[in-house]
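A.B. asks: Below is one structure. I have some questions about it.
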Amino acid sequence: MGKILLINIGPSEAESNSPSGDVSGLQLKWAEAASKALKQYKIDALYACPVPGVPEIARVIAASLGLQVQPVTGLEGLDNAQWNMRGISRETSGDYADKLNPVGADLSSPFGANIEAVRSSIGSALDMLAEKHKKEGVVIVSHPALSVIMVLRLLHMHNKHYWQVAQDAGAISLFEVRSGMPSALIINDTCHIHGLI
């Protein structure tokens, strides 16, 4: 039985309008806290989504666990997208659920593609990782918007539920793959960062 743990890095300095675009000190504290929380699990591999700030945070977590950071393949086109904390802002999207048609094909997003295309890429990446690490624990460090889409995909939920999935800064979500089907054990756990926010 494999385990998939999603780590949401939270907003970067760039998303807080900092000219530096660097990883924030608070994000580093979240990463250190997440590293300690992850030590209760057997972690065999750690992956980072190719989004600004994510690989840097992933390296902090990986070093604590004695692992190397590997890229999540199939998402390379997302690294130049314009990002905000959730990927899609309520202000610019209006009523998100109302804008989605049954397949969500015409809603564009800051990922440089429509959200269904992003979900398809994420789905392929998750399937590949689940197959590669069938009986292992895998950590995926991600941006909040991608974390939400991963949770939707793992739970087979429609994209219209995007705003109903919480992925707070520094959160850990845990899925166990049972007979090929992901089961949610923990979603959006922030217990390890209490006192930091």
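A.B. asks: Taking the beta-carbon count within 10 Å as an exposure proxy, list 24, 124 from fewest neighbours to most.
C.D. replies: If I rank by nearby Cβ atoms, fewest first, I get 124, 24.
A.B. asks: Check which residues have an amide H placed less than 5 Å from residue 47's amide H, if you skip close sequence neighbours.
C.D. replies: 70, 139, 140, 141
A.B. asks: What is the calculated FRET efficiency for residue 188 to residue 39, with r their C-beta to C-beta distance and R₀ = 25 Å, to the nearest 0.05?
C.D. replies: With a Förster radius of 25 Å, E is 0.80.
A.B. asks: Using modelled amide H (1.01 Å from N, peptide plane; none on Pro or chain starts), what sits under 5 Å from the amide H of residue 3, excluding residues fewer than 5 places away?
C.D. replies: Answer set, sorted by chain and number: 136, 137, 138, 177.
A.B. asks: Here is a follow-up. Are there trypsin sites (Lys or Arg not before Pro) in the range 116-196 that DSSP marks as loop and that have at most 11 other Cβ atoms within 10 Å, and which are they?
C.D. replies: Those that pass, being in a loop and sparsely packed, are 134, 135.
A.B. asks: Between residue 134 and residue 155, what length in nm is gained on full extension when 0.36 nm per residue of separation is reduced by their alpha carbon distance?
C.D. replies: On the way: separation 21, 0.36 × 21 = 7.56 nm, distance 1.79 nm.
Additional length available on full extension: 5.8 nm.
Here, each number is a calculation from the coordinates, and none is a lab measurement. Note that the structure is a prediction, hence the values are computed from the model and not measured. Reconstructed Cβ throughout: ideal geometry from the backbone, glycine too, with neighbour counts over all protein chains shown.
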